[in-house]
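Participant: Before I ask anything, here is the structure I am working with.
The values are calculated or read from the model by the stated rules, or taken from the named source; none is laboratory data. This structure is a prediction, so every number in the text was calculated from the model and none was measured. Glycine also receives a Cβ, built like all others from the backbone with ideal geometry; neighbour counts cover every protein chain displayed. Only protein heavy atoms, including side chains, enter the accessible area calculation; ligands, DNA and RNA are left aside. Shrake-Rupley method; radii C 1.70, N 1.55, O 1.52, S 1.80 Å.
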Amino acid sequence: MSKNAKIATGGVLAGLILWIWLPWWAVLLIVLGVPTAAYLTLDPSQRRRLRRVARKELGR
């Protein structure tokens, strides 16, 4: 199993555990808030690089 697959599997398991223990709105806040906060902590050059890499993977 690749490193990215392990990370994705761990994220799904963590999400399921949160879904059981917390109300749905708290889980939604965490699922949307954590990646948003991580993106906002990047400096502008890192954001440009991330967007460029994402476009290349989409085949643009």
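Participant: Write down the radius of gyration of the chain and its Dmax, each obtained from C-alpha positions, in Å.
Facilitator: Computed over the Cα atoms of the chain, radius of gyration and Dmax are 14.7, 41 Å.
Participant: Can you tell me how much longer the chain between K6 and R51 gets when fully stretched, taken as 0.36 nm per residue apart minus their C-alpha distance, in nm with one decimal?
Facilitator: Gain in length upon complete extension: 13.8 nm.
Participant: Return one whole number: the accessible area per residue of the chain in Å², for a 1.4 Å probe.
Facilitator: 91
Participant: Report, in debye and to the nearest 20, how large the dipole of the chain comes out about its Cα centre when Lys and Arg carry +1 and Asp and Glu carry -1 on their Cβ.
Facilitator: For the chain, the charge dipole is close to 520 debye.
Participant: Could you go through region 9-18 in sequence order and give the Karplus-derived ³J(HN,Hα) for each residue, using 6.51 cos²θ - 1.76 cosθ + 1.60 with θ = phi - 60°, rounded to whole Hz, and x for Gly and Pro?
Facilitator: 5, x, x, 5, 4, 4, x, 5, 5, 4
Participant: Which of A26, T36, V12 sits farthest toward the positive end of the charge dipole of the chain, with +1 on the Cβ of Lys and Arg and -1 on the Cβ of Asp and Glu?
Facilitator: T36
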